[in-house]
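Worksheet: the structure to be examined is printed underneath.
The values are calculated or read from the model by the stated rules, or taken from the named source; none is laboratory data. Since the model is a prediction, treat every value here as computed from it, not as a measurement. Don't worry about glycine lacking a Cβ; one is built from the backbone with ideal geometry, like all the others, and counts go over all protein chains shown. Keep in mind that these areas ignore ligands, DNA and RNA; they rest on the heavy atoms of the full protein, side chains included. Shrake-Rupley method; radii C 1.70, N 1.55, O 1.52, S 1.80 Å.
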Amino acid sequence: MATPSRRTSTQSPLASKRAILSDPSSEVPSKKKSSVPPAAPRPLPSSGPFVEGSIVRIAMENFLTYDVCEVSPGPHLNMIIGANGTGKSSIVCAICLGLAGKPAFMGRADKVGFFVKRGCSKGMVEIELFRTSGNLVITREIDVAKNQSSWFINKKSTSPKVVEEQVAALNIQVGNLCQFLPQDKVGEFAKLSKIELLEATEKSVGPPEMHKYHCELKNFREKEKQLETSCKQKTEYLEKMIQRNERYKQDVDRFYERKRHLDLIEMLEAKRPWVIEELQQALTVKQNEEHDRQRRISNTRKMIEDLQNELRTTENCENLQPQIDAITNDLRRVQDEKALCESEIIDKRKERETLEKEKRSVDDHIVRFDNLMNQKEDKLRQRYRDTYDAVLWLRNNRDKFKQRVCEPIMLTINMKDNKNAKYIENHIPSNDLRAFVFENQEDMEVFLKEVRDNKKLRVNAVIAPKNSYADKAPSRSLNDLKQYGFFSYLRELFDAPDPVMSYLCCQYHIHEVPVGTERTREKIERVIQETRLKQIYTAEEKYVVKTSFYSNKVISSNTSLKVAQFLTVTVDLEQRRHLEEQLKEINRKLQAVDSGLIALHETNKHLEHKDNELRQKKKELLERKTKKRQLEQKISSKLGSLKLMEQDTCNLEEEERKASTKIKEINIQKAKLVTELTNLIKNCTALHIQKVDLILQNTTVISEKNKLESDYMATSAQLRITEQHFIELDENRQRLLQKCKELMKRARQVCNLGAEQTVPQEYQTQVPTIPNGHNSSPPMAFQDLPNTLDEIDALLTEERSRASCFTGLNPTVVEEYTKREEEIEQLTAELKIKKVELDKYRENISQVKERWLNPLKELVEKINEKFSYFFSSMQCAGEVDLHTENEEDYDKYGIRIRVKFRSSTELHELTPHHQSGGERSVSTMLYLMALQELNRCPFRVVDEINQGMDPINERRVFEMVVNTACKENTSQYFFITPKLLQNLPYSEKMTVLFVYNGPHMLEPNRWNLKAFQRRRRRITFTQPSQ
């Protein structure tokens, strides 16, 4: 247990500190004697395993008040004691900065360079963290001039971001006051708002996903508010748009009603010229049909003539059958060859599958051998890590050596029987078992220079004899020793490379040491006297026999055999080599099979191509054979068609005569209608003159204005009724449909059609469609309009009168109405999308809330249970609850701490102002202790939090800290204090770290803890005698 100490001197501006050990079980001295080591320090007993991420070692160099210091904390409660100014908080600063913390976290300085000892240009902090996979060593070198840091992980340079990621992976949060509470930040804990306290607690003791869910909830809730506001604004704007459009709907309906009348007028004017042209058009259709029939008859005759010529030139097909038979025989032969080739391919594939199965089986056996070898290497790595690292280096650098280099003996030895491993391990020392064996002295020197000098690895190396001892015969035959129960020499119990076996025979005479059974132990005295063997192994013991140089007496000693640890795993290297050779042979056969398959596939492809060619030739011959029959059938079909076309004749002269007669009748009718139209125009002119007179008379009757206005309003009401009746009648119209051509000048002027153009689609089917669903009247087909000029003119007059009734209509109103309708549709679609998105966010909120809130309530309840228990044990009261004003405002959730220290008062929320400094310190300490057993963090640091407490509360809090932090499976705890009360309770699991300073402290390299302990014991033993 490291105790940082410091030496100060008035002659030297430098000061040094170093680590010493102190007995944690000895009584803590009073404040007056805190600068003196305890009376009888002794090594600290084991205090249990470290949790993942706990601090194993803290090293500082030129850091704050320290020159060189190394601290080794324990896995449970670490109490750092020392007078003010000795450097306790410097250790806290080293933990923070060494774990990628910011200087602002400690509230001391804003630049990292200020933490380097004054007068030094560089400083260093090194933190070693416990990990089951291998400890993590983080080094931070601070440059004062540049105010920058260099980072290293396990002595390898890295970036601050990588260090932060490694630290975060171990759940270390030096910026969280619930985990890391430095001296200058103690007062800020009580100033934390409920929201900040909840966030710190979630990060410190909550599951890893709890804080993430909380952040997601806050983001979801913010987006939900934005969507609710957006939906509300869009809904209000949509309602205003709909109301505004409703006001203009009546004017738009009247506009489209007038447009329907005008469209019908245009259709009627277009209809008038076509009344005469219908007959001419029907005649033209008949003429076109007759011309088309004559053309088809001519084409059919030409086709029949071509087919007959082709039939005459067709060659005789009777000689084609022998060719077809020959091709059929060739096809049968090719198909037989294909079948044989495909059969061989199937056989080759089966053979390949068999070889692949054999290959997988051999691979599995080799993997099992490799796994056994890996077990031996794992044992080496766990026990001798440096030797294991050297093995890895050797495997990557064998090209640097001239002769053979054998890996450590324990890896190269292969026991023939596992139960005999104990004899070898008891006979060969562990230093040689992990030694590398070289055949060349220069190779060994190159190896040791690289591994020992450069890589600083502690490894052993030996050199094999130049003359091999591996096959040297024993001095006595084993048959002579079997009568005593011996069954083998040590050399025959295992296999090893020749250099290793030669070295062991030369160094440990394994070819001369026999191994016996229990029968050997029963005859051991006789064996020793008769055989004169120097070393003997029985079933469970080892005997060493020596002859006295002075008395010539035989002296023997025996020791029990230790259980084998390293050589119990057996790997048959000869069998593995055999399997590798077998694997090579299988691979060779697989390559041969693959080559054969490729050749067979090529042959099969060639046969397939030949088969297709023969089939194509056979098909062509068959087509030539059937071509004559097809030509005869086509000629017969065409002759039938020609006969039908010739029978279907048409008398064009008769049709032309009938059409001329009808046209003359219509022209006579048209002349009469023109005369009537002239009379109507005259009447219209007279009416216009009368209208002018009436207007002049209107100026003389101003006095009757009010009466006329009343009459006008009544007439307007009647007009609306009439319009409604007109709309009801208009619903019975049908769409216009008729094909027409412009054969008359007036029709061309009205319809803008060429001489050969057909009637546009709108004239064929219906009145042009009116947008937005305002076509309330049924469409009228063009052919359904009146077919006489009188009816057409009458309908024209009626429609013009109706259209003239719609006055004061502005087309811009319709444009605005249509544009607004489109905006309403677009806005409605956007609002629907927003509502779907809002429902999705609400569903996400519901799911995440359930995953976050229920575990959070359980966590707060556990904290409250511990917190209340701690306060009740102090005859006070305290509780912790989850506080929020609105359940949906997830950014307003917080943890509320309420306490009372006197029975006469009520529970009050912990604030910076209501409680005293000591009460705030007690509340803070007890809250942190409530988190201790729940904490996911590997360690917690609390610096001088007991300063403001009265002695009673300080004693109670200290007892709780000891009882809580020294439990099994709790995280590491650092408790820093400058003083302690007397007669406090302590635990065997505590680690007490004393920080001493003074002008007479030894230099770090001169301090020897064991020598100090020996002197202390001598002083203790000699005092009673004095």
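Here the gap between Arg629 and Lys455, fully extended at 0.36 nm per residue and compared with their Cα-Cα distance, gives a gain of 52.8 nm. Mean sequence separation of contacting Cα pairs (under 8 Å, at least six apart), scaled by the length of the range 414-566, corresponds to a relative contact order of 22 percent. Within the range 476-491, which residues have the backbone N less than 14 Å from the label spot 7 Å out from Arg526 along Cα→beta-carbon, could you tell me? 481-486, by backbone N distance to the label point. Near Val899: Cβ cut-off under 15 Å, other residues only, Lys/Arg at +1 and Asp/Glu at -1. The net charge is +3. Taking a 21 Å limit on the Cα-Cα distance, which of the listed pairs Lys259/Lys672; Lys857/Lys989; Lys866/Lys967 fall beyond it? Pairs exceeding 21 Å: Lys259/Lys672; Lys857/Lys989. Excluding ligands, DNA and RNA, the accessible surface per residue across the range 944-983 is 40 Å² with a 1.4 Å probe. Annotation for Thr828 and Leu984: the two label points, set 7 Å from Cα along the Cα-Cβ direction, are 7.7 nm apart.
On the protein heavy atoms, probe 1.4 angstrom, tell me the percent of accessible surface of the range 414-566 carried by carbon and sulfur. Summing carbon and sulfur atoms, their accessible area is 45 percent of the total for the range 414-566. Run the paramagnetic zone check for Thr568: 7 angstrom along Cα to Cβ, then residues of the range 411-450 with backbone nitrogen under 20 Å. Counting backbone N atoms under 20 Å from the label point, the list is 411-431, 433-434.
For Arg349 and Met373, the FRET efficiency from 1/(1 + (r/R0)^6), where r spans their Cβ atoms and R0 equals 35 Å, is about 0.45.
Of all DSSP-defined beta bridges confined to the range 414-566, some 75% are antiparallel rather than parallel. With the simple model of a label 7 Å out from the Cα in the direction of the Cβ, Asn886 to Leu694 spans 7.1 nm. Taking each residue as 0.36 nm, the span from Asp480 to Thr818 lengthens on full extension beyond its C-alpha to C-alpha distance by 109.5 nm. Listed cross-link partners Lys194/Lys835; Lys156/Lys456; Lys286/Lys634; Lys402/Lys455 are compared with a 27 Å cut-off, the Cα-Cα value being larger for Lys194/Lys835; Lys286/Lys634.
For the peptides 247-259, 332-344, the ranking by packing is 247-259, 332-344, with the highest mean count of neighbouring Cβ atoms within 10 Å listed first.
Placing R0 at 60 angstrom, the Cβ-Cβ distance between Asn329 and Val285 gives a FRET efficiency of 0.40 after rounding to 0.05.
Which residues does the label zone of Ala473 cover in the range 499-537, counting backbone N under 16 Å from a point 7 Å along Cα→Cβ? Those under the cut-off are 511-512.
Under the simplified labelling scheme, the Asp336-Met713 pair shows an inter-label distance of 11.5 nm, with each label point 7 Å from Cα along Cα→Cβ.
Please work out the Cα center distance from the range 532-565 to the range 446-498, rounded to the nearest Å. The range 532-565 and the range 446-498 have Cα centres spaced 20 Å from each other. Each of the peptides 977-985, 111-119, 136-144 was scored by the mean count of other Cβ atoms within 10 Å over its residues; in descending order, highest first, they stand as 136-144, 111-119, 977-985.
With all protein chains kept in place, the per residue accessible area of the range 414-566 amounts to 55 square angstrom at a probe of 1.4 angstrom. Based on C-alpha pairs under 8 angstrom that are at least 6 apart in sequence, the range 802-898 has a relative contact order of 14 percent. A Förster radius of 25 Å, combined with the Cβ-Cβ distance separating Asp498 from Val544, puts the computed FRET efficiency at roughly 0.35. Sorting the segments 53-61, 583-591, 385-393 by their mean number of nearby beta carbons within 10 angstrom, highest to lowest, gives 53-61, 385-393, 583-591.
Pulled fully out, how much extra length does the chain show between Asn135 and Glu620, if you take 0.36 nm times their separation in residues and subtract their Cα-Cα distance?
Once the chain is fully extended between Asn135 and Glu620, it gains 166.2 nm.
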